[in-house]
Amino acid sequence: MGYVIAVAGKGGTGKTTVSALIVRLLKEKKCGSILAVDADPNSNLAEALGVTAKETIGSILDRLSANPQEVPPGMGKDSYVEYRVQTAIVEGDGFDLLAMGHPEGAGCYCYVNNVLRNVISKLVKDYDFIVLDNEAGLEHLSRRTTRNADALLIVSDASSVGLKAAQRINQLVKELDIRVKNKFLIVNRSSGGPDKEKVLGTGLEYLGHLPLDGQISEFSLKGAALMDLDDNNACLNALKKIGEKIWHKS
């Protein structure tokens with residue numbers, strides 16, 4: 001059974017960057033097969049990993065909505081959709097990628113989430129690690145895109161607003177009875193670390209902070225893949241030092 005790492009946080013905290021770096025570190029450590037899931041409709045994880053998602057769950061459903069005759073005779077719609085989603089998985093260098101995307105048609109967003117949940121529940125059997133980059137905010141939790149996770153990693157900045165958002169995510173996980181074995185907090189883009197009392201108030205296990213990194217900012221502006229970062233990159237090495245708990249299978 002695959003080990004699921006779900007990454008969450010408010011917008012602008014760098015959760016997609018952290019997700020991509022986790023994929024890179026798992027690959028370098030040769031931890032086994034990896035599936036990166038871009039569960040954010042804005043779909044930025046593929047670019048950060050240096051691959052192109054030719055199809056997303058959203059685009060598949062749009063095509064099927066416009067061409068329902070594509071479903072083969074004797075095959076149910078759900079089975080056909082799951083088959084098409086399986087073929088949409090992109091093979092990268094040492095990892096695979098599946099992107100949620102967003103539907104163009106009205107009224108089908110909930111179905112995209114349902115398909116994503118069902119597909120993930122089956123794919124966890126085929127991979128050693130699944131890194132799930134969720135959309136910003138609390139929507140993915142309220143819609144239960146993330147139902148089960150071995151590790152929920154909440155990424156925040158050092159601001160009061162960011163840490164309060166992290167606290168709210170933690171509370172919502174409890175309220176919705178989402179099954180999470182371990183809940184962690186990382187503070188990103190911080191020069192000296194956050195206020196200890198505010199971190200304590202989140203109720204999360206604090207792993208440490210990642211520095212504001214000029215190279216990552218430059219890569220982001222250029223749309224370059226974080227898989228090509230220098231091995232001595234400060235943010236990458238900081239995550240390497242504090243991240244063992246995130247992907248450690250107990």
- Query: What number, in percent, do you get for the relative contact order of the chain if the mean sequence gap of Cα pairs under 8 Å and at least 6 apart is divided by its residue count?
  - Reply: 28 percent
- Message: What's the ranking of 184-192, 114-122, 13-21 by average number of surrounding C-beta atoms within 10 Å, highest first?
- Response: 13-21, 184-192, 114-122
- Computed [θ] at 222 nm, helices only, for the chain once each DSSP H run of length n ≥ 4 contributes -39500 (n - 2.57): -12000 deg cm²/dmol
- Quick one: grab Rg to one decimal and Dmax as a whole number for segment 161-203, Cα atoms only, in Å. 11.3, 35
- Message: Please report the spacing between the Cα centers of segment 9-55 and segment 228-245 in Å, no decimals.
- Response: 15 Å
- Message: Assuming 0.36 nm per residue, please report the length gained on full extension of the stretch Q69 to L200 beyond their Cα-Cα distance.
- Response: 41.6 nm
- Task: Could you tell me what percent of the DSSP beta bridges with both partners in segment 3-247 are antiparallel, to the nearest 5?
- Result: 5 percent
- Task: Mind jotting down the three principal axis lengths of segment 205-250 based on Cα atoms? Whole angstrom, largest first.
- Result: 38, 19, 17
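No value in this document is a laboratory result; all are computed from the given coordinates. Computed from a predicted structure; not experimentally measured. Positions of Cβ are generated from backbone atoms using ideal geometry, with glycine treated the same way; all protein chains shown enter the neighbour counts.
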